[in-house]
Amino acid sequence: QVQLVESGGGLVQPGGSLRLSCVASGSIFSISSMGWYRQAPGKQRELVAAITSDGTTTYADSVKGRFTISRDNAKNTVYLQMNSLNAEDTAVYYCRAVVTVTTTTRRYQYWGQGTQFTVSS
């Protein structure tokens, strides 16, 4: 089994910054892709940013230039640095990882439990 644990959510003022972290643990052979998704009330879950094992990144248009995704492969950790935050960024943020597990060498996707993040003055 693989577990993803997010941290770093909370309350921040408009224009502020915050960093989210997600650590993967368990029967991990390798992690190909890690990413962040978010779901605002009444909306579908959407991709925020993703990063492959070689560092290739993808961003939603709404966060380009404001958010930066990075990962530490040695620690199985992905980060999301968020700057210039606004109310539209308020959502539950979920970490996702595509993991090759040691037990079967097959790949599966895993999700974290989500961390709430609110932008408000």
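Before moving on, here are some points about what is shown:
- Candidate set from region 51-60 (those that are open to solvent by less than 80 Å² (accessible area, probe 1.4 Å) and of a type outside the set (S, T, N, Q)); member that is modelled with the lowest pLDDT: Gly55
- Applying the criterion of being buried (at least 17 other Cβ atoms within 10 Å of the Cβ) and over 20 Å from Arg45 (Cα atoms) to the residues of region 81-104, the residue that is modelled with the lowest pLDDT is Val101.
Conditions (1) among the β-branched types (Val, Ile, Thr); (2) within 16 Å of Cys22 (Cα to Cα), marked per residue:
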residue	(1), (2)
Tyr37	no, yes
Glu46	no, no
Ile51	yes, yes
Thr58	yes, no
Tyr79	no, yes
Val92	yes, yes
Arg96	no, yes
Thr100	yes, no
Tyr110	no, yes
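- From the list Val78, Val48, Val2, Val63, the one residue that fits, being more than 12 Å from the chain's Cα centre (by Cα), of a type in the set (A, V, I, L, M), closer than 13 Å to Cys95 by Cα and open to solvent by less than 70 Å² (accessible area, probe 1.4 Å), is Val2.
- The residue that is most open to solvent (accessible area, probe 1.4 Å), among those in region 21-45 that are within 23 Å of Glu88 (Cα to Cα) and among the small types (Gly, Ala, Ser), is Gly42.
- Candidates Ser7, Ser70, filtered to the one that is within 12 Å of the chain's Cα centre (by Cα), surrounded by fewer than 16 Cβ atoms within 10 Å (Cβ to Cβ), without any contact (Cβ under 8 Å) to a residue 24 or more places away in the chain and at negative phi: Ser70
The values are calculated or read from the model by the stated rules, or taken from the named source; none is laboratory data. The structure presented is a predicted model; accordingly, all values stated were derived computationally and were not measured. Using ideal geometry, Cβ is built from the backbone for each residue, glycine included, and neighbour counts are taken over all protein chains shown. Only protein heavy atoms, including side chains, enter the accessible area calculation; ligands, DNA and RNA are left aside. Shrake-Rupley method; radii C 1.70, N 1.55, O 1.52, S 1.80 Å.
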